[in-house]
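One structure below.
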Amino acid sequence: MAENKEESVGESVMEKIMEKFHDDDSSSSDSDNEKSKPSSSPVKSQIYRLFGREKPVHTVLGGGTPADVFLWRNKKISAGVLGGATAIWVLFELMEYHLLALVCHCLILSLAILFLWSNASTFIHKSPPRIPEVSIPEDVAVNVALSLRYEINRGFTVLRDIASGRDLKKFLVVIAGLWVLSIVGSCCNFLTLFYIAFVTLHTVPVLYEKYEDKVDPFAEKVMTEVKKHYATFHAKCLSKIPRGPLKEKKHQ
């Protein structure tokens, strides 16, 4: 009887050990399968996006209400903003109205209506107009000033880097951009240029978001050709320009 008990105990111990090894093997095989699944799946090639964009167009435009207006999320608001800008351009550019005269005439009309309404309210038995108190919050003014200061300082930093001669490619891009802007500025005045930029912001982003799968491959081909021509131009011309040694100062 004692021998049978010892044999049964030994068999039970062996069965437990075998079950444990079996569980370990199955768990390791499951983990290996889980690890092998992503590796076995085909690696998706990185999709080229215009200007190296990694975020959606809505996020690139800042998100919130301005991005909704530019991307026509609310067609009534977007159409109203674009219509208002068109009316201002027609008023000042085509009808040759002046900004100071428009502001003065609007103020005269508004003050006259409010003044007459306030004095006539007792005769027509209606409540006088409620004129709200308008004041600019201090935090809003400070945030706008800080944002403007940051952008101006960043612009000065970029101009300083370009003028120092460290990045020839950026220098050529900025010079070409300023030259194109000067040509456009000589053809139209500032108001027309601002209106063109405003209309472009209301049309190009929404069209790009709609057809980005077709635009990005074409842009990739164009950028490949541009880089190829730039490499040829750099090898034949730019690399032969003598440059002085640039000494970098180490701040310890």
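Quick notes on this structure:
- Some residue of region 237-252 being acidic (Asp, Glu), on the phi < 0 side of the Ramachandran plot, open to solvent by 60 Å² or more (accessible area, probe 1.4 Å) and modelled with pLDDT under 80: yes
- Within region 199-230, if we keep just the residues that are over 29 Å from residue 83 (Cβ atoms) and basic (Lys, Arg), the residue that is least open to solvent (accessible area, probe 1.4 Å) turns out to be 228.
- Residue selected from region 142-171 under the condition among the small types (Gly, Ala, Ser) and closer than 30 Å to residue 230 by Cα, by the criterion nearest to the chain's Cα centre (by Cα): 155
- Per-region count, region 37-91, residues modelled with pLDDT of 75 or more and polar (S, T, N, Q): 5
The values are calculated or read from the model by the stated rules, or taken from the named source; none is laboratory data. Since the structure is predicted, the reported quantities are computational estimates derived from the model, not experimental observations. Methodologically, a virtual Cβ is constructed for each residue, glycine included, from the backbone with ideal geometry; neighbour enumeration extends over all protein chains shown. Just the protein is used for accessible areas: all its heavy atoms, side chains included, with ligands, DNA and RNA removed. Shrake-Rupley method; radii C 1.70, N 1.55, O 1.52, S 1.80 Å.
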